[in-house]
1. Which count do you get for residues in segment 152-177 that are small (Gly, Ala, Ser) and within 13 Å of PHE90 (Cβ to Cβ)?
2. Within segment 161-181, does at least one residue satisfy the condition of being at pLDDT below 85 and over 28 Å from the mean Cα position of the chain (by Cα)?
3. Taking the criterion of being at pLDDT 90 or above, open to solvent by 50 Å² or more (accessible area, probe 1.4 Å), in contact with an Asp or Glu (Cβ under 7 Å, 6 or more places away or on another chain) and closer than 12 Å to PHE90 by Cβ, would at least one residue in segment 139-149 satisfy it?
4. Can you name every residue in segment 160-184 that is outside any strand (DSSP E or B) and either touching an Asp or Glu at 6+ places or on another chain (Cβ under 9 Å) or over 19 Å from LEU128 (Cα atoms) (or both)?
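The values are calculated or read from the model by the stated rules, or taken from the named source; none is laboratory data. Just so you know, these numbers come straight off a predicted model, no measurement behind them. As a convention, Cβ positions derive from the backbone with ideal geometry for all residues, glycine included, and neighbour counts pool all protein chains shown. The accessibility values were calculated without ligands, DNA or RNA, using every heavy atom of the protein model including side chains. Shrake-Rupley method; radii C 1.70, N 1.55, O 1.52, S 1.80 Å.
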Amino acid sequence: MHKVMTRAQHQPGSRPPGRRDPRRPGGTPPRTPGGTRTRTAPGGGRPPRALSPGTRPADNRPPAVPSAPAGATAAALTGPVAQPRPTDLFAELLVAVLSGLRPVHAMLGHTAGRAYDELAWLAERSPLRARGARPVVRDIGYYEARPGAVEAFARIGAGDQLRAMAFRLERGRDLRWRCTAVELGGPRPPRPTGDD
């Protein structure tokens, strides 16, 4: 036996007899098919809710999660990210300057003593500029000469060439690291007179 259910026919926009929408006050008419609605008093005929001064409803929202910076990975959001060592940062910066990717004056606040002059002399000759290949730092090593002074070396690859670069970093009283010397294989910059 098959049971067939039929629905009572009623006009669109009206409710079946006996049904009431509890969200609407008794005097509010249903919507009309054209989408317009007869307006009643502000708030749908309901009296305004009174809160005592200084009282607010409870905040039941979940705690806010700080938004991730653009390009952040899920691994970076789950725990603290290890900061790169100063030797790594300076090796990348020195390679960018010596290959002509960045101007020498990008090192003004990052050098001390003769290092800026040495770097300017080396950068004029563009020793790490290679045709078609961007130089990259292949390997970095360092030796802590004393607390606050590090002597580092880096192997720089550009295409099939491999070059060596040495540099010295010293931490100042402001706790910032600065490059105090830089050398590449090949000719050295002339030393100023009166310098031993």
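1. Residues that pass the stated criteria total 3.
2. yes
3. Residues of segment 139-149 that are at pLDDT 90 or above, as a first pass: 139-149.
Right, trim to open to solvent by 50 Å² or more (accessible area, probe 1.4 Å) and you get 139, 142-144, 146-147.
From what is left, the residues that are in contact with an Asp or Glu (Cβ under 7 Å, 6 or more places away or on another chain) are 142-143.
When the remaining residues are screened for being closer than 12 Å to PHE90 by Cβ, the result is 142.
The answer is yes, given that some residue of segment 139-149 is at pLDDT 90 or above, open to solvent by 50 Å² or more (accessible area, probe 1.4 Å), in contact with an Asp or Glu (Cβ under 7 Å, 6 or more places away or on another chain) and closer than 12 Å to PHE90 by Cβ.
4. GLY172, ARG173, ASP174, LEU175, ARG176
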